[in-house]
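The values are calculated or read from the model by the stated rules, or taken from the named source; none is laboratory data. Here the structure is a predicted model, which means the values were calculated and not measured. Every residue, glycine among them, receives a Cβ derived from its backbone with ideal geometry; neighbour counts consider all protein chains shown.
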Amino acid sequence: MTTYIKLILLTLGLSITLSGCFLKSLHPLVSEEEAVAVDGITGVWEKDDQRWTFIKDGEFEDLKMTGIQGNETFSITMTDEGGDSTDTGDHSYMVIYEDLNENRIDSSYFFGSFAMLNGDHYLDLFPLDFGSFDFENSHYLPVHTFSKIRLTEDSLVISLFKDSWIEEQISESRVRIKHERTNDSVLITAGTEELQKFIIKYGTMSEAYRDPINLKRIQL
């Protein structure tokens, strides 16, 4: 079953990619069939300078009406348009990231999928495709980013893999994983199976992650 998310944005002004030095991958960490749901993740999570919203098909109606985007007006429609009549279990999420540092909230929109590896949940983020707005944007390559998450009833901790760590490991031949070097970073080109083996082997190393993002649930 293939799920598409259609957004109608009456006020734009969004950034397609989450800024920062994160591990970037050409391929996803988890396939649609392997993706798992995370109980309690749906909702709005916030700290001083950022807000994360997780929306799951069938659970987003209340969120749609809350105006979580400040002054932006929008509607969200999630529809199944696949031809497969067999329900494999749709565990995809829409993830909205909002940078609250500026006077005008800067928003980014992603597909989110979760994998369970070594007893931990990992989040795969992939930017939503809004189409090419102009010639410049058509030259950007969308990539996957990965993070480990820790969830309790009222708190969510997101720990993103950092690219400087993987670059160092590759340069010093401590890690063998398919990749390509770009002008300023490394793009991981390994397939999903190899990526999962990489996470299982190195996911417990604290130095592989950026400083954790500590979020609190917002009651709407």
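For segment 151-184, a residue qualifies if it is farther than 18 Å from Ile199 by Cα, part of a loop (DSSP other than H, G, I, E, B) and not acidic (Asp, Glu), and the qualifying residues are Thr152, Thr182, Asn183. Just one of the listed residues (Ile158, Ile166, Ile149) is modelled with pLDDT under 95 and β-branched (Val, Ile, Thr), namely Ile166.
Taking Phe130 as the residue in question, decide whether it is within 20 Å of the chain's Cα centre (by Cα), surrounded by 11 or more Cβ atoms within 10 Å (Cβ to Cβ), modelled with pLDDT of 50 or more and over 27 Å from Arg210 (Cα atoms). When the stated conditions are applied, Phe130 passes them.
Let me spell it out: the conditions are (1) at pLDDT below 50; (2) over 17 Å from the mean Cα position of the chain (by Cα), and Glu33 meets all of them except one. Which number is the exception? Unmet condition: (1).
Residue count for segment 202-216 satisfying the condition of being surrounded by 12 or more Cβ atoms within 10 Å (Cβ to Cβ), of a type in the set (D, E, K, R) and either in contact with a Lys or Arg (Cβ under 6 Å, 6 or more places away or on another chain) or not in a strand (DSSP E or B) (or both): 1. Confirm whether Glu194 is within 25 Å of Val38 (Cβ to Cβ), part of a loop (DSSP other than H, G, I, E, B) and out of contact with any helix residue (DSSP H, G or I) (no Cβ under 7 Å at 6 or more places or on another chain). No: the conditions fail for Glu194. Beta carbons closer than 7 Å, at least 6 apart along the sequence or on distinct chains, pair a first residue in segment 207-220 that is closer than 17 Å to Tyr97 by Cα with a second that is among the acidic types (Asp, Glu) for Leu215/Glu46; Lys216/Glu46; Lys216/Asp154; Arg217/Asp154; Ile218/Glu46.
For segment 195-220, name all the residues that are touching a Gly at 6+ places or on another chain (Cβ under 8 Å) and under 16 Å from Leu23 (Cα atoms).
Arg210
Number of residues in segment 167-220 that are among the acidic types (Asp, Glu), over 18 Å from the mean Cα position of the chain (by Cα) and closer than 26 Å to Gly119 by Cβ equals 3.
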